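The values are calculated or read from the model by the stated rules, or taken from the named source; none is laboratory data. Keep in mind that what you see is a predicted model, and the values were worked out from it rather than measured. Don't worry about glycine lacking a Cβ; one is built from the backbone with ideal geometry, like all the others, and counts go over all protein chains shown. The area values use the complete protein model at the heavy-atom level, side chains included, leaving out ligands, DNA and RNA. Shrake-Rupley method; radii C 1.70, N 1.55, O 1.52, S 1.80 Å.
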Amino acid sequence: MVTQDKKINELWELIKEVPDPEIPVLTLTDLGIVREITMSDEKVEVTITPTYTGCPAMKVFEEDITAKLNESGYKQVSIKTSLSPAWSTDWMSEEGKEKLMKYGISPPMGSSDKSVLTGIVKNVPCPQCKSTKTELVSQFGSTPCKALYQCSDCKEPFDYFKCI
Amino acid sequence: MDNAIYNYALRMGDTCLILSHRLAERCSNGPFLEEDIAMTNISLDLLGGADLFLSLAAEVEGEGRSADDLAYRRNERQYYNHLLAERPNKNFAHVMMRQFLHDALLHPLYTGLKLSKNEHLAGIAEKGVKESAYHIRHSSMWIVRLGKGTDDSKEKLQDALDDLWTYTGEMFEYNDEEATLAKDGVIPSFEELKTTWLKTVKEVFNEAGLEVPKDKWMATGGRQGVHSEFLGHMIAEMQYLPRAYPDAKW
Ligand SMILES: [Zn+2]
């Protein structure tokens with residue numbers, strides 16, 4: 001059993017190195033989409049939860065995880081998708097949020113439930129000049145997880161990783 | 001096989017799929033770039049929902065078919081989408097009106113379905129309710145904006161409402177099978193959904209200065225596989241590739 005736990009830890013460490021195909025500064029564990037890893041005999045099962053139902057990156061997530069584990073000697077890998085509990089930006093790691101900001105994407109603010117009620121999120125900080133005088137341009141951005149904002153001070157348009 | 005769940009999953013999956021495709025047809029025709037992106041994002045969310053519902057249908061059926069098989073290997077008479085979803089794209093106001101009438105149903109529907117005794121349906125809804133909140137916020141914003149815009153935008157919007165209203169009755173139709181599902185707490189009650197839906201649309205139309213059409217004859221048939229002349233053409237295009245190259249992988 002001890003060796004089993006050790007292997008699971010090793011698997012988590014390996015998966016930590018897999019980058020998000022669309023936002024490569026984030027890893028899949030920063031995003032919080034990897035929910036569980038189990039192992040029986042030589043079979044590894046990784047449970048992930050989709051960020052957005054139609055997100056085309058989900059297929060790539062699965063392939064990248066499988067490839068990563070395969071090359072580290074785990075040959076029997078299956079990926080299970082779990083819908084409930086639904087993925088929430090609340091699961092994103094603090095480290096992940098910092099990395100996003102540096103990358104030029106404003107990280108999700110506050111808790112997901114609140115933003116659904118109040119609608120438009122205000123005072124989203126500009127990743128360039130850190131001003132909070134910013135405006136929503138569109139609820140929908142270049143990928144399903146982002147909204148488009150513009151900074152009123154430095155005028156830069158930027159992506160905001162929206163809360164869900 | 002559980003016929004009731006199978007049929008409900010098809011009804012929902014087909015409606016999401018067909019509306020998703022209609023929005024995808026609008027890609028690159030948005031009034032400006034951000035709106036073009038918004039509509040294709042919503043299209044993608046609906047496609048994701050369709051995939052989940054059709055996967056569930058395929059699983060319940062247990063004949064080894066996949067969601068893709070259901071989407072690409074059925075003919076129009078085997079589609080059970082709401083007629084509203086297949087109405088062709090006209091102008092932007094028309095597209096937004098169709099979207100709003102649908103969103104005003106889908107959001108409360110997912111809210112209710114989250115509590116389903118069927119854990120698959122509850123899981124789909126838990127995911128969908130978050131996404132559909134963005135959709136309804138988006139389309140209702142446009143209804144108010146176009147309604148309070150120019151005479152032209154308001155007229156186009158009112159025309160769209162008058163045209164599409166006929167197709168809203170069917171969204172709340174249910175048969176004995178669905179009545180049982182609702183009674184057993186598997187799906188939300190159509191009566192209650194209708195009340196919520198009416199309240200939402202009346203509120204938004206009121207703010208937009210639109211006139212709610214008087215109750216009139218409502219079109220029906222989608223749920224029996226009887227569609228308008230527009231669905232066949234759309235499906236022909238949608239299914240072309242998988243039908244021409246049945247086992248293609250990419
Ligand atoms: Zn700035």
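Taking the 1.4 Å solvent-accessible surface of the protein assembly as shown as the whole, the part contributed by carbon and sulfur is 51%. The orientation-averaged projected area of the convex hull spanned by the Cα atoms of the range B:2-244 comes to 12.5 nm². Each residue of the range B:62-70 is assigned a 3J(HN,Hα), and the resulting list reads x, 9, x, 7, 10, 4, 4, 4, 5 Hz, derived from the Karplus form 6.51 cos²θ - 1.76 cosθ + 1.60 (θ = phi - 60°), x at Gly and Pro. Distance between the 7 Å Cα→Cβ label points at residue B:89 and residue B:195: 3.8 nm. The C-alpha atoms of chain B define a longest principal axis, and helix B:229-244 lies at about 50 degrees to it.
In sequence order, the range B:76-92 has phi-based couplings of 4, 5, 9, 9, 10, 5, 5, 4, 3, 5, 8, 4, x, 5, 10, 9, 4 Hz under the Karplus curve 6.51 cos²θ - 1.76 cosθ + 1.60, θ = phi - 60°, and Gly or Pro positions carry x. Taking the DSSP bridge list for chain A and keeping only pairs wholly inside it, about 65 percent are antiparallel. Less than 5 angstrom separates the built amide H of residue A:146 from those of A:141, A:162, all sequence-distant by 5 or more or on a different chain.
Taking a ≥ b ≥ c as the square roots of the eigenvalues of the Cα gyration tensor, an a/c ratio of 1.5 or more together with a/b larger than b/c marks the range A:15-65 as prolate. Accessible surface calculations at 1.4 Å, restricted to protein heavy atoms, place the range B:125-219 at 49 Å² per residue. Note on residue A:38 and residue B:66: with the Förster distance fixed at 30 Å, the Cβ-Cβ geometry gives a FRET efficiency of about 0.75.
With springs only between Cα atoms under 10 Å, which of A:24, A:107, A:125 fluctuates most in a Gaussian network model of chain A? Of A:24, A:107, A:125, the Gaussian network model singles out A:24 as fluctuating most.
Note on chain A: GNM, Cα springs under 10 Å; of A:79, A:65, A:33, the largest mean-square fluctuation is that of A:79.
Along its three principal directions, the equivalent ellipsoid of the range B:153-233 from the Cα gyration tensor extends over semi-axes of 26, 19, 9 Å, largest first.
Of the trypsin sites (Lys or Arg not before Pro) found in the range A:22-112, those in coil by DSSP whose Cβ has at most 13 other Cβ atoms within 10 Å are A:75. What's the total accessible area buried between chains B and A, using a 1.4 Å probe, rounded to the nearest 100 Å²? Accessible area lost upon association: around 2000 Å².
Axis of helix B:190-208 versus longest Cα principal axis of chain B: the two differ by about 30°, to the nearest ten degrees.
Annotation: aspartates and glutamates with alpha-carbon distance below 19 angstrom to residue A:133 (same-chain offsets under eight excluded): A:153, A:156, A:159. Computed from the Kirkwood radius of its Cα pairs, the Stokes-Einstein diffusion coefficient for the range B:20-128 at 37 °C and 0.692 mPa s stands at 215 µm²/s. The alpha-carbon atoms of the range A:33-164, seen along their principal axes, cover 57, 30, 24 angstrom, with the largest extent given first. The angle between the Cα long axis of helix A:94-103 and the longest principal axis of the Cα atoms of chain A comes to about 60 degrees, rounded to the nearest 10.
Using the Cα coordinates of the protein assembly as shown, the gyration tensor eigenvalues translate into equivalent-ellipsoid semi-axes of 36, 29, 19 Å, sorted from longest to shortest. Of the Cα atoms belonging to the range B:81-224, the radius of gyration and Dmax stand at 15.6, 48 Å.
Amide H to amide H distances under 5 Å link residue A:76 with A:44, where only residues 5 or more positions off or on other chains count and H is placed in the peptide plane.
Rounded to whole numbers, the Karplus 3J(HN,Hα) couplings from phi for the range B:166-172 are 3, 9, 8, x, 5, 4, 10 Hz, using 6.51 cos²θ - 1.76 cosθ + 1.60 with θ = phi - 60°, and x at Gly and Pro. Taking a cut-off of 17 Å between Cα atoms, list the lysines near residue B:202, but don't count ones fewer than 8 places away on the same chain. Of all the lysines, those that pass the test against residue B:202 - Cα under 17 Å, at least 8 places apart if same chain - are B:148, B:154, B:194, B:214, B:216.
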